[in-house]
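The structure under discussion appears below in the form of structure tokens.
The values are calculated or read from the model by the stated rules, or taken from the named source; none is laboratory data. What you see is a predicted model; the values in this text were computed from it and never measured. No Cβ is skipped: glycine too gets one built from the backbone with ideal geometry, and neighbour counts run over all protein chains shown. Note: areas computed on protein heavy atoms with side chains; ligands, DNA, RNA excluded. Shrake-Rupley method; radii C 1.70, N 1.55, O 1.52, S 1.80 Å.
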Amino acid sequence: MGAVPRTLELFYDVLSPYSWLGFEVLCRYKNIWNINLQLRPTLIAGIMKDSGNKPPALLPRKAQYLRNDIRLLGQHVQVPMQFPKDFFSVILEKGSLSAMRFLTAVNMEHPEMLEKVSRELWMRVWSRDEDISEPQSILAAAEKAGMSTEQAQGLLEEISTPKVKNKLKETTEAACKYGAFGLPVTVAHLDGQTHMLFGSDRMELLAHLLGEKWMGPVPPAINAKL
């Protein structure tokens, strides 16, 4: 009998491009490392407000750096990332509240679909420069991920219910209690201890904590479309 898998929680928001990078790497390694990966849809706006942090793109020099950084990291991790043309409208005005509530509902009702639906929402906003705030856009992402129209519509109708709103709030508060000030955040539960790692560039350190081998951002084996 093998060792019990270690639990990793990944807190993420599809508005965050770095969350996408961390998400893809961990989704690839979940079949390589001895881990139980738990995906946690989280609202980055709530974390920013709670921590007093601000989006890095609000600082012009950081914004200029981010464009090239994300492009290069996308190539390195083999994720088809493109900056939205109207970046500030996407990030600061439209946000991701509806999308993250929808993913929360997916996680509550159809957790087996969470990875695929999350990926399709990232593809819309960070690859094809498409909307993720309107109901029809969310439905399109869910259906492309393999959900039936009836399933997706049913979940969309739940995003304004107290149970979904409260669940997203609880998950966001949990990330804050771990010390999150941005996303993604990976929380490793090891030998009775909790380790919070911020960002998509701490995977080598995560491997060290787990006692696993880091082989770089291994190519996507299953997700051929990426």
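Within the stretch 186-197, if we keep just the residues that are of a type outside the set (Ser, Thr, Tyr), open to solvent by less than 60 Å² (accessible area, probe 1.4 Å) and out of contact with any Ser or Thr (no Cβ under 8 Å at 6 or more places or on another chain), the residue that is nearest to residue 55 (Cα to Cα) turns out to be 195. Per the listing 120, 115, 134, 170, the residue uniquely open to solvent by 60 Å² or more (accessible area, probe 1.4 Å) and in contact with a helix residue (DSSP H, G or I) (Cβ under 9 Å, 6 or more places away or on another chain) is 134.
Return yes when residue 142 is in a loop (DSSP other than H, G, I, E, B) and either modelled with pLDDT of 95 or more or within 25 Å of residue 88 (Cα to Cα) (or both) and no when it is not.
no
Checked against (1) at negative phi; (2) in contact (Cβ under 8 Å) with a residue 24 or more places away in the chain; (3) touching a Phe, Trp or Tyr at 6+ places or on another chain (Cβ under 9 Å), residue 107 meets all criteria but (3).
Is it true that residue 170 is under 15 Å from the mean Cα position of the chain (by Cα) and farther than 20 Å from residue 55 by Cα? Answer is no for this residue.
Taking the stretch 22-48 as the range and being touching a helix residue (DSSP H, G or I) at 6+ places or on another chain (Cβ under 7 Å) and part of a loop (DSSP other than H, G, I, E, B) as the test, the residues that pass are 33, 42, 43. Residue-level analysis places residue 79 outside the set of residues that are closer than 20 Å to residue 129 by Cβ, within 12 Å of the chain's Cα centre (by Cα) and surrounded by 15 or more Cβ atoms within 10 Å (Cβ to Cβ). Just one of the numbered conditions (1) touching a Ser or Thr at 6+ places or on another chain (Cβ under 9 Å); (2) of a type outside the set (Ser, Thr, Tyr); (3) modelled with pLDDT of 95 or more; (4) crowded, with 17+ Cβ neighbours inside 10 Å is not true of residue 38: (4). Residue count for the stretch 86-112 satisfying the condition of being touching a Lys or Arg at 6+ places or on another chain (Cβ under 7 Å) and surrounded by fewer than 19 Cβ atoms within 10 Å (Cβ to Cβ): 1. What about residue 54, is it in a helix (DSSP H, G or I), out of contact with any Pro (no Cβ under 6 Å at 6 or more places or on another chain), at negative phi and charged (D, E, K, R)? No, not satisfied.
The number of residues in the stretch 69-112 being out of contact with any helix residue (DSSP H, G or I) (no Cβ under 6 Å at 6 or more places or on another chain), under 16 Å from residue 25 (Cα atoms) and assigned to a loop (DSSP other than H, G, I, E, B) comes to 2. When 188, 180 are checked against the criterion of being outside any loop (DSSP other than H, G, I, E, B) and in contact with a helix residue (DSSP H, G or I) (Cβ under 8 Å, 6 or more places away or on another chain), 188 stands alone in meeting it. The single condition among (1) among the polar types (S, T, N, Q); (2) part of a loop (DSSP other than H, G, I, E, B); (3) surrounded by fewer than 18 Cβ atoms within 10 Å (Cβ to Cβ) that residue 200 does not meet is (3). Each residue in the stretch 46-71 was checked for being hydrophobic (A, V, I, L, M, F, W, C) and within 19 Å of the chain's Cα centre (by Cα), and 5 pass. With the structure loaded, tell me whether residue 44 is in contact with a Lys or Arg (Cβ under 9 Å, 6 or more places away or on another chain), aliphatic (A, V, I, L, M), open to solvent by 10 Å² or more (accessible area, probe 1.4 Å) and at pLDDT 95 or above or whether it fails that test. Criteria not met by residue 44.
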